[in-house]
Amino acid sequence: MPQAGEVMLKMKVEGMTCHSCTSTIEGKVGKLQGVQRIKVSLDNQEATIVYQPHLITAEEIKKQIEAVGFPAFIKKQPKYLKLGAIDVERLKNTPVKSPEGSQQKSPSYPSDSTATFIIEGMHCKSCVSNIESALSTLQYVSSIVVSLENRSAIVKYNASSVTPEMLRKAIEAVSPGQYRVSIANEVESTSSSPSSSSLQKMPLNIVSQPLTQETVININGMTCNSCVQSIEGVISKKPGVKSIHVSLANSTGTVEYDPLLTSPETLREAIEDMGFDAVLPDMNEPLVVIAQPSLETPLLPSTNEPDNVMTPAHSKCYIQVSGMTCASCVANIERNLRREEGIYSVLVALMAGKAEVRYNPAVIQPPVIAEFIRELGFGAMVMENADEGDGTLELVVRGMTCASCVHKIESTLTKHKGIFYCSVALATNKAHIKYDPEIIGPRDIIHTIESLGFEASLVKKDRSASHLDHKREIKQWRRSFLVSLFFCIPVMGLMIYMMVMDHHFATLHHNQSMSNEEMIKIHSSMFLERQILPGLSIMNLLSLLLCLPVQFCGGWYFYIQAYKALKHKTANMDVLIVLATTIAFAYSLVILLVAMYERARVNPITFFDTPPMLFVFIALGRWLEHIAKGKTSEALAKLISLQATEATIVTLNSENLLLSEEHVDVELVQRGDIIKVVPGGKFPVDGRVIEGHSMVDESLITGEAMPVAKKPGSTVIAGSINQNGSLLIRATHVGADTTLSQIVKLVEEAQTSKAPIQQFADQLSGYFVPFIVFVSIATLLVWIIIGFQNFEIVETYFPGYNRSISRTETIIRFAFQASITVLCIACPCSLGLATPTAVMVGTGVGAQNGILIKGGEPLEMAHKVKVVVFDKTGTITHGTPVVNQMRVLVGSNRIPRNKILAIVGTAESNSEHPLGAAVTKYCKQELDTETLGTCTDFQVVPGCGISCKVTNIEGLLRKNNLKIEENNIKNSSLVQIDVINEQSSTSSSMIIDAPLSNAVDTQQYKVLIGNREWMIRNGHVISDYVNDSMIEHERKGRTAVLVTIDDELCGLIAIADTVKPEAELAVHILKSMGLEVVLMTGDNSKTARSIASQVGITKVFAEVLPSHKVAKVKQLQEEGKRVAMVGDGINDSPALAMANVGIAIGTGTDVAIEAADVVLIRNDLLDVVASIDLSRKTVKRIRINFVFALIYNLVGIPIAAGVFLPIGLVLQPWMGSAAMAASSVSVVLSSLFLKLYRKPTYDNYELRARSHSGQRSPSEISVHVGIDDDSRNSPKLGLLDRIVNYSRASINSLLSDKRSLNSVVNSEPDKHSLLVGDFREDDDTTL
């Protein structure tokens, strides 16, 4: 029975935090019977296991890992390793456990032979079992017996598959590789094998080749052969790398590696860490070169295998990803998905919240890919309508004459790979095409059509922000106003003439006490009062003729809008206007017709002057309102206008030399195009710089005033402006996927969203119109009743009253005038405008200052916030460890400081630990170099430290000595100047950097770097002084690391995550605004307390797990507090979503999409203050707007209704409409005042804070561990401690000036402090 092949299994293991976890799992699982080998990766949180399925199952392995305390999930179905021979290299590297009784279980082959080997170098039973277990796992060995006494091994094997010489080499390769083996006798074959003779001649390298894969990495940024050598030198030393060949011409590196020990992504990151840009190609499914032997496959390579094995069909799917907040989320998803089997390429668009994945449908399906993304902690959903990712293109095609042209274009295009659908319309000359942007682009399609002899061009899209500038509405209302004004001026002229004449007759009547008959006679003798027909005067006829065009031409828009509103059972502003004008017009017309019918001698008094005057004021109000509204959307229009309209696409040859360039429309840019951007030009799309250096102005997008330096590998944002150098960029996101398009979309959505306060206003407006109609009718009825009851009131207070008209007409006219004025003055518009205009201006101003507020609700909520919760890592601190201090513990004559730096930097350069990377970075900066020495025998002990040997640092020190010498010459001249000035030479000795070491040796240094335990374990004694220094650093939340070189303790390095320079100021200002500030972190309480004391936070929740952050926010909300959560978003998304206002701090363009309500484009904590400040200002403005709107209505309506008639306050209808127009305009102008908002600068804040600033002493800080509220307060302070604290606080306030100067980390020291050596406590000092 043939033995089953080995199986390789990948498992996701959660909860590992350090290398001790990985070694625990490797130790436990490696001992299991049937497990051949195991490699656990801490970075990838996964375990790769090779096992024998007939001895153990994947489920049993999973249970064993879970028994150790780590949740495990099978990532991929176990796959049989195939195609290959004996894995000799693996036997060298990994001790392989043999299943007991393997001799009995191994099968016998039909053509078994036996060979005896003499083995020198065995010492004990362990050697025997090593050899037996190693060879019994080989599939062609049926049994092996090793005798320690006889120093021999008898091996039964399948002669048709393997030769004694191969077996001899296999035994020699067994760990530790010190056995000398010779064949004792010729082979005794139990059955002849026809193929054994051919196998004897087979080259051995097929057998001894290990499990190897090959990958090609694109490397940009190499300039010469020294770059090539340094990459090859560093990468070849990485574990698992068999060979590497870097080509400078092709900018690629070809790496052969062991997939159990490393992965293409790890290698790519290693190359990037060296300062080059490394990209894995899309087709990155590694090629399996040699794997474990399999019985089914013939050992000799077969020639008849199909070529297309490695190129399975590609499919593409789109997945909606939620919960991404910044670029690290994108990188996390892309990196992890690329590792999965069957996935070729992943492109994640942060702003669109979408991932585009190309995969092999035979291996993996979209729901499984979505599940992988969910495992990473994001929400993922397969987008069913995958067309969303397909490009759609609309072209104008000229030159078509008949249906055959249409057919020709359609058939040619649909034959093209990547085009799904094509429809050409002869009548409109348009072509509609759907295509896959991965395979083909708009330019290719246009070229194809042009090659057929037609002309093709894009249908021009309206790129301007015309829908935002209200130009159409402004034009419409301007025209409406002018038309109404043209007819209104004569009406007003007639009205003024009649008022003057009435007044004149009234005085006559008063003075000469004429009778009513005489009055009527004189009145009718006036020119305008002459009757053309009985009952129809010239005045009334002119008024009617002037009113008709205004009522039905000028007012046409209102009639349409009012009809639409009533049809939907709603009542708006237009309904009121139509009611007022139509009632006035209809009433006047009816009265006139009745007078003509009755052939009245006295002309009736009409209201034909009301509609033209109403429409004039309403049109004027609307015109001004739209001009103002256009201004409110300026910010968004400005963002839209940033988009470039053209791009210069260049073609490069293999040497990166420019072959050609062409100008194309920005819509024609395809992903992967190389675009040239000249100085002063706009970036048309998002991309990555591939060549050139420049400064780029991103101020309009990120709000960052300073230009940003760009070099190869930097990302650029569409719409930003290139300043001084020419750049070549490769397009990564085009069209609607660019950051700019997404920001525009986000701001647009924000401006159209409603604040809760506005919903109240909308509800109010709904009841407002019916209420006003009711008030208007009530006014009419009340005044009619009052008039008939007590005519003297009307007679006294009615300004237009004259004796020539009857009493009844006077009463009805007065009542009508009051009710129409009520309709005119009431304005729900200003209520409706109060919130949206302020929100629009507020969000626009925010966007210009790099604060993206997602709509009215967060804008309104932010001012109610009472507690601001800060995440620590990446928010209050930078999020990456930095060396704070390096203290030299030996005299510089024994080991100079630079030498220590060179040795330590070299030693740590092989470490993958973040602290090691921080030390290497610090050493490189201090020595001003990118290359370090050589490190050998590197060993890492998780949780303790490293040990290694360092050589080749002499060249580095020699280069540094030259720099020191130059500095010393410069500095000594400085000292001489100072000596002349001060007549003192005390400071001259301080200036010399370091003694020069001229001795050039190539010695080897033995280095140990680690914590106390590591030093004690290696026999070093730590003095009390050094121990006290370490304790002091640890109290401040730093990690203290010791260094020994050649068994001498010579350095102490303090490493910590540093606080952002503006953090203390931001916290102080938030407190001065009356907010409670809380720090929440997963870090230990000691570090949390230290960070809190540095920034002035007094309440800290330490050791809080990401999932518990949500619970903590909820707990604060249950106390009745409104909570704002500020996070960098990587693990804070749930808490950001739970908080009343989630504020995500982006870096550059990384805009948080899902969780946060407010996104700060710049990584600046002062923007948190600015966002709350802006919110408060906006809400204040909304309240002022409501006051404006309500005052007009609350005061205006009673006046119009005639309530204040006794004190002489009377309004005409036209006065009412003027007041109504004024209310809308005043509200919009009030909102526009927000445009004057200026974000306070750092200096302004500092001036405000300077008088109060001061760090907290740790004793004032209450630290709560976990999410329960039991705080670990410091012990009660005695009197002496209180006095010390009080004096410390006083000194702090005195030194606050100095601190504010030093709070900027990179502040330049002045010349004097350099000379005198005024070092602060945390500077690098030499003891």
Exercise. Say we look at the stretch 588-609 and pick out the residues that are of a type in the set (Ser, Thr, Tyr) and modelled with pLDDT of 80 or more; which of these is surrounded by the fewest Cβ atoms within 10 Å (Cβ to Cβ)?
Worked result: 597
For this session: Take residue 1056 and decide whether it is touching a residue at least 12 places away in the same chain (Cβ under 8 Å) and in contact with a Gly (Cβ under 8 Å, 6 or more places away or on another chain).
Result: yes
For this session: Take the residues in the stretch 1043-1093 that are in contact with a Pro (Cβ under 9 Å, 6 or more places away or on another chain), closer than 30 Å to residue 1021 by Cα and not small (Gly, Ala, Ser), then tell me which one is least open to solvent (accessible area, probe 1.4 Å).
Result: 1055
Problem set entry | Residue check, residue 857 assigned to a helix (DSSP H, G or I) and in contact with an Asp or Glu (Cβ under 8 Å, 6 or more places away or on another chain) | yes
Exercise. If the Cβ limit is 9 Å and pairs must be 6+ apart or interchain, which residue in the stretch 832-845 that is of a type in the set (Gly, Ala, Ser) pairs with which residue that is outside any helix (DSSP H, G or I)?
Worked result: 832/572; 838/755; 842/853; 842/1237; 844/633
For this session: Output yes when any residue across the stretch 870-881 is closer than 16 Å to residue 1172 by Cα and buried (at least 24 other Cβ atoms within 10 Å of the Cβ), and no when none is.
Result: yes
For this session: Determine the pairs where a residue that is under 16 Å from residue 651 (Cα atoms), located within the stretch 724-740, has a partner that is crowded, with 16+ Cβ neighbours inside 10 Å and acidic (Asp, Glu) with Cβ atoms under 8 Å apart, the partner being 6 or more residues away or on another chain.
Result: 727/691; 728/691; 730/673; 731/673; 731/686
Problem set entry | The one condition in (1) within 15 Å of residue 884 (Cβ to Cβ); (2) in a loop (DSSP other than H, G, I, E, B) that residue 1082 fails to fulfil | (1)
For this session: Show the residue pairs that are 6+ apart or on different chains and have beta-carbon atoms under 7 Å apart, the first residue being within the stretch 333-349 and within 15 Å of residue 672 (Cα to Cα), the second being assigned to a loop (DSSP other than H, G, I, E, B) and open to solvent by 30 Å² or more (accessible area, probe 1.4 Å).
Result: 345/282
Exercise. Which one of 658, 668 is within 23 Å of residue 392 (Cα to Cα) and more than 24 Å from the chain's Cα centre (by Cα)?
Worked result: 668
Exercise. Name the pairs whose Cβ atoms lie under 6 Å apart, with the first residue in the stretch 128-154 and touching a residue at least 40 places away in the same chain (Cβ under 8 Å), the second among the basic types (Lys, Arg) and open to solvent by 10 Å² or more (accessible area, probe 1.4 Å), and 6 or more positions between them or separate chains?
Worked result: 143/156
Exercise. Just for the stretch 1010-1034: of the residues that are in a helix (DSSP H, G or I) and hydroxyl-bearing (Ser, Thr, Tyr), which one is surrounded by the most Cβ atoms within 10 Å (Cβ to Cβ)?
Worked result: 1029
Problem set entry | Residue that is farthest from residue 138 (Cα to Cα) [pool: residues in the stretch 33-48 that are in a loop (DSSP other than H, G, I, E, B) and open to solvent by 30 Å² or more (accessible area, probe 1.4 Å)] | 43
Exercise. Quick one: residue 560 ticks every box in (1) at pLDDT below 80; (2) of a type in the set (A, V, I, L, M, F, W, C); (3) open to solvent by 50 Å² or more (accessible area, probe 1.4 Å) bar one, so which box is it?
Worked result: (1)
Exercise. Taking the stretch 222-255 as the region of interest, how many residues are open to solvent by less than 50 Å² (accessible area, probe 1.4 Å) and closer than 21 Å to residue 711 by Cβ?
Worked result: 9
Exercise. So residue 138 fits all but one of (1) among the hydrophobic types (A, V, I, L, M, F, W, C); (2) at pLDDT 75 or above; (3) open to solvent by 40 Å² or more (accessible area, probe 1.4 Å); what number is the exception?
Worked result: (3)
Exercise. So which residues in the stretch 146-166 are open to solvent by 20 Å² or more (accessible area, probe 1.4 Å) and within 16 Å of residue 179 (Cα to Cα)?
Worked result: 147, 148, 149, 150, 151, 154, 165
Problem set entry | Selection count, the stretch 340-376, where residues are in a helix (DSSP H, G or I) and surrounded by fewer than 18 Cβ atoms within 10 Å (Cβ to Cβ) | 5
Seminar exercise, completed: In the stretch 882-936, anything in a helix (DSSP H, G or I), more than 20 Å from residue 43 (Cβ to Cβ) and open to solvent by 20 Å² or more (accessible area, probe 1.4 Å) is listed as 897, 898, 899, 922, 924, 925, 926
Problem set entry | Options 463, 479: the member that is open to solvent by 20 Å² or more (accessible area, probe 1.4 Å) and at pLDDT below 85 | 463
Problem set entry | Matching residues, the stretch 121-134, being open to solvent by 20 Å² or more (accessible area, probe 1.4 Å) and under 20 Å from residue 156 (Cα atoms) | 129, 130, 132
Exercise. Restricting the search to the stretch 1160-1183, which residues are touching a helix residue (DSSP H, G or I) at 6+ places or on another chain (Cβ under 6 Å), open to solvent by 10 Å² or more (accessible area, probe 1.4 Å) and at pLDDT below 85?
Worked result: 1162
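The values are calculated or read from the model by the stated rules, or taken from the named source; none is laboratory data. In this text the structure is predicted, and so the values were computed from the model without any measurement. Neighbour counts are summed over all protein chains in view; Cβ atoms, including those assigned to glycine, are modelled from backbone coordinates with ideal geometry. For the accessible areas, the whole protein counts, side chains as well, though only heavy atoms, and no ligand, DNA or RNA atoms are used. Shrake-Rupley method; radii C 1.70, N 1.55, O 1.52, S 1.80 Å.
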